[in-house]
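Participant: Below is the structure I would like to discuss, written out as structure tokens.
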Amino acid sequence: MRLWTRFNTNRHKSLAMVSISAGILGLMLSVFISNPFAKIYPLAALSGGIFSVFTANRNWIQKLPATPFDWRLSMLGFLFGVGTLTLVYRLGGFTRSVWVIGLTIVLYCISLFVILSRKPLLGISFALISGLLHRATIHFSSPYPFGSDGHYHFRHTQELITTGALDQVFATSKYYYAPAYHEILASVAHVTGLDVQEIFFLSVTFLYTVVPPLVIFALIQRTYGAPMLGSLGGLLYITADFTLGWSVFQSTTTIGMVFFTLAVYGTHRFLVTDSKRMLGVALICYLMVLLTHQSTGWITLMALVAILAADYHRERRFHIIGYLMILGVSLVQFWRITRYSGPEGDAPDVVSSLVMQLIPLLSQIGFRSSGGGGGETLPEGLNVATSVAGGLTPIHVVGSAVLFGLAAVGVIRHLGHRWDQFGVQFTALIGILYLFAFGGPLFNIDFFFPMRWFQFISFALAPFAAIGLREVFTEDIIGRVALPALILFCGVWFAIMAVGFIGAVDGPIADDAHSAQRYAANDNEYAMYEFVDAYGDDSSIIADGRASTIIRRYYDNPNSSMLTINHSRNKVQLQSGSQLVIERPYLYSGNALYQLKTTNARFTVFGKVPQVSFGCDVNMVYKNGESYNIYQKHNRCVG
């Protein structure tokens, strides 16, 4: 109690010291963990804490710098930018050149300029249009859906549109019990008659891009009565790298994010206002999340538990306990009836499957850098990465880390002056989400898809990051240059997030990192995959990870497997039977996903593939340009 009294006496400095301590602890851990997240995020927490210590005595009310120019000029510039971007994208053959990306960043900066012109509603509208254009240029740059699961969902949605029989399409799939995503797309398809790719963008990507920013705007407006700050928070969500990537992944998590934000907003407003209508919104959206995807249901449950637990000390604790029981029981019941292999399969339910998967992982607990529980390690001298996070460079992490650092400033500023429900609940929300994103990987357990949590984290950070931007770029600190400094900083920041491994999934410009993969397929690759689909039914297909996923999940060819290189022989690992081996220039880019076989183990790695060679005779059955080749191995040959 005495400790709480001392903490509460000067909350601002106390919270700043918590942030500094967390940063120092993180830097200490980064000595043992070779991972850019472990190195950059502690610096962001440390920087946010130090800045807050030196600004602890400033007045609570700070204003964003205002632009002196007429907002109508910005509108003309925005319309010209939209037209130019569309023309350049079209003339470039629907590929995202540096010019397209640059024009997109300019549109974001104009949106910010309009927000600072005291036109927040117009500014957030421009930001939403810019975000949709940005995502459209990514989405339509490839003939295939993005994301490993996107190919599967695309194909099954088409089958559902054709047959209309859920029990037939998902007879052996867990999505029989969570069909909301596919049913939504199929319903829109029947109404509009459009292609699945177009439907996904016009429904799921549109909602993903529009709904969360408007929720953020409403949260900030109701908390502060500051529409400019609300518009800025919405803009930060739209430009965040993880929301950029996930908005174009044709994944059930994408639509789940929309229901997640509404469930969080409804729960928060219910606790603030005791509105039964908001409670109904929250419960309906939570049910929709459960009907969308099992792991997204878990993420949403943890988020709502954090918000409710943060409000537990208040008078409605019995209502909160009842709400928690409804949420928990609903999730467990859904998981109990959901079988991984569908109603006609023989796999156990989700709860049993998770327990069976988790028990072996517990034996591998250990720091990531140590290789977990003492398993096999890669041979020395190989320039490859064994995980997405470990294969990144700082530029791919700095964008989301800056968002976190600014949010740390915002949290400290808010809770230092207002210990209210919004501040406490959303701080708890950020904490629980980061706990799962970093906690598992820290101890070598990638059980809850850690990368998937960052899009939800971006939503939780955005309101506080807007406050942080206001605190940093104020005339009280940097004088008259506050306005140009803010626009320049945001322009560079937005650009960094737009060229990284998750912000540019079609093809990262910052592709120096091994795991910065290109998900888009070019015309030559498309022709190769079509050839394999037409003539490769009787053969097993060997290709790098991305190509193998397309063949297996988009073309529904179960005979496709990942390319394996025998390290000791430096040759492609071949098996008995007829095989087709796909070679494309991307294998030698340094970003390919493949398997490496050593004497005692097999590793999935990111990096450059050694020159494709074979231990036995093969025939080249396809050639299209330089290094777009397909080789056929004879039945009798084993390499």
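The values are calculated or read from the model by the stated rules, or taken from the named source; none is laboratory data. Just so it is clear, the model here is predicted, and its values are computed rather than measured. All Cβ positions, even for glycine, are placed from backbone atoms using ideal geometry, and neighbour counts span all protein chains on display. Just so you know, the surface numbers come from the protein's heavy atoms only, side chains and all, with ligands and any DNA or RNA stripped out. Shrake-Rupley method; radii C 1.70, N 1.55, O 1.52, S 1.80 Å.
Participant: Give a residue-ordered list of calculated ³J(HN,Hα) values for the stretch 40-52 (Karplus: 6.51 cos²θ - 1.76 cosθ + 1.60, θ = phi - 60°; whole Hz; x for Gly, Pro).
Facilitator: Per residue, the Karplus-derived 3J(HN,Hα) values read 7, 5, x, 5, 5, 5, 5, 5, x, x, 5, 4, 5 Hz.
Participant: Relative contact order, percent, of the stretch 58-196 when contacts are C-alpha pairs under 8 Å separated by at least 6 residues?
Facilitator: That works out to 18 percent.
Participant: Let me check against my output: what whole-number percent is the relative contact order of the stretch 137-282, with C-alpha pairs under 8 Å and at least 6 apart?
Facilitator: Taking the mean separation of contacting Cα pairs over the length of the stretch 137-282, I get 24 percent.
Participant: Can you list the residues, at least 5 places off or on another chain, whose amide H is less than 5 Å from the amide H of S578, using H built in the peptide plane?
Facilitator: S540
Participant: Give, as a single signed number, the net charge of other residues whose beta carbon lies under 14 Å from the beta carbon of S589, with Lys and Arg counted +1 and Asp and Glu -1.
Facilitator: Its environment carries a net charge of -2.
Participant: Using a Förster distance of 35 Å, how high is the FRET efficiency between T393 and R317, based on the Cβ-Cβ distance and rounded to 0.05?
Facilitator: For T393 and R317, the calculated efficiency is 0.15.
Participant: On a 0 to 90° scale, report how tilted helix 252-273 is relative to the longest principal axis of the chain, with both axes built from alpha carbons and the result rounded to the nearest 10.
Facilitator: Compared with the principal axis, the helix lies near 20 degrees.
Participant: Quick one: which residues, 5+ away or cross-chain, put their amide H under 5 Å from the amide H of Y622? H built at 1.01 Å from N.
Facilitator: Counting only residues 5 or more places away or on other chains, the set is I630.
Participant: Among A482, T243, V492, flag the residue with its Cα farthest along the positive direction of the charge dipole of the chain, charges on Cβ as +1 for Lys/Arg and -1 for Asp/Glu.
Facilitator: About the Cα centre, the residue reaching furthest to the positive side is A482.
Participant: Just to be sure I follow: if Rg is taken over the C-alpha atoms of the stretch 41-168 and Rh is the Kirkwood radius over the same atoms, what is Rg/Rh?
Facilitator: Result for the stretch 41-168 is an Rg/Rh of 1.16.
Participant: With +1 on the Cβ of every Lys and Arg and -1 on the Cβ of every Asp and Glu, and nothing else charged, how large is the dipole of the chain about its Cα centre, in debye rounded to the nearest 20?
Facilitator: 2040
Participant: May I ask for the angle, rounded to the nearest 10°, between helix 482-498 and the longest principal axis of the chain, with both axes built from Cα atoms and the value confined to 0 to 90°?
Facilitator: The two axes meet at around 20 degrees.
Participant: Please list H153, H514 from largest to smallest accessible area, probe radius 1.4 Å, with all protein chains kept in place.
Facilitator: Largest accessible area first, the residues go H514, H153.
Participant: Now a separate question. Suppose we look only past 26 Å in the calculated P(r) of the stretch 479-594. What percent of the Cα-Cα pairs does that tail hold?
Facilitator: Summing the P(r) of the stretch 479-594 above 26 Å gives 36 percent of all pairs.
Participant: With angles folded into 0 to 90 degrees, how steeply does helix 227-239 sit against the dominant principal axis of the chain? Use alpha carbons for both and round to 10.
Facilitator: Approximately 20 degrees, to the nearest 10.
Participant: Scan around S34 for amide H atoms under 5 Å from its own, H built in the peptide plane at 1.01 Å from N, and keep only partners 5 or more places away or cross-chain.
Facilitator: S369
Participant: How much of the accessible area of the chain, in percent, comes from carbon and sulfur atoms when a 1.4 Å probe is used?
Facilitator: That fraction is 62 percent.
Participant: Right, another one. Could you derive backbone 3J(HN,Hα) for the stretch 151-167 from the dihedral phi with the Karplus parameters 6.51, -1.76 and 1.60 (θ = phi - 60°), listing whole Hz in sequence and x where the residue is Gly or Pro?
Facilitator: Result, rounded to whole Hz: 5, 4, 5, 4, 5, 6, 5, 4, 5, 5, 5, 6, 8, x, 10, 4, 5.
Participant: Within 13 Å, Cβ to Cβ, of L185, how many net charges do the neighbouring residues add up to if Lys/Arg are +1 and Asp/Glu are -1?
Facilitator: Cβ neighbours under 13 Å give a net charge of -3.
Participant: Let me ask something else about it. Take A309 and S275, extend 7 Å from each Cα along the Cα→Cβ direction, and tell me the distance between the two endpoints in nm.
Facilitator: Result for the modelled spin labels: 2.7 nm.
Participant: Just to check I understand the Karplus step: with θ = phi - 60° and J = 6.51 cos²θ - 1.76 cosθ + 1.60, what whole-Hz values come out for the stretch 546-561, glycine and proline as x?
Facilitator: Per-residue couplings from phi come out as 5, 5, 4, 5, 4, 5, 6, 9, 7, 8, 6, 10, x, 8, 8, 9 Hz.
Participant: Among 541-551, 32-42, 571-581, how do they line up from the highest to the lowest mean number of other beta-carbon atoms within 10 Å?
Facilitator: The most tightly packed comes first, giving 541-551, 32-42, 571-581.
Participant: Further question: Would you please put 203-213, 344-354, 330-340 in order of how densely packed they are, using the mean number of other Cβ atoms within 10 angstrom per residue and starting with the highest?
Facilitator: Ranked from most to least packed, the peptides come out as 203-213, 330-340, 344-354.
Participant: Under 8 Å for C-alpha pairs, at least 6 residues apart: give me the relative contact order for the chain, rounded to a whole percent.
Facilitator: Contact order relative to length: 15 percent.
Participant: Please give, to one decimal in nm, the separation of the simple spin-label points placed at V18 and S330, each 7 Å out from Cα toward the Cβ.
Facilitator: The modelled label-to-label distance comes out at 2.9 nm.
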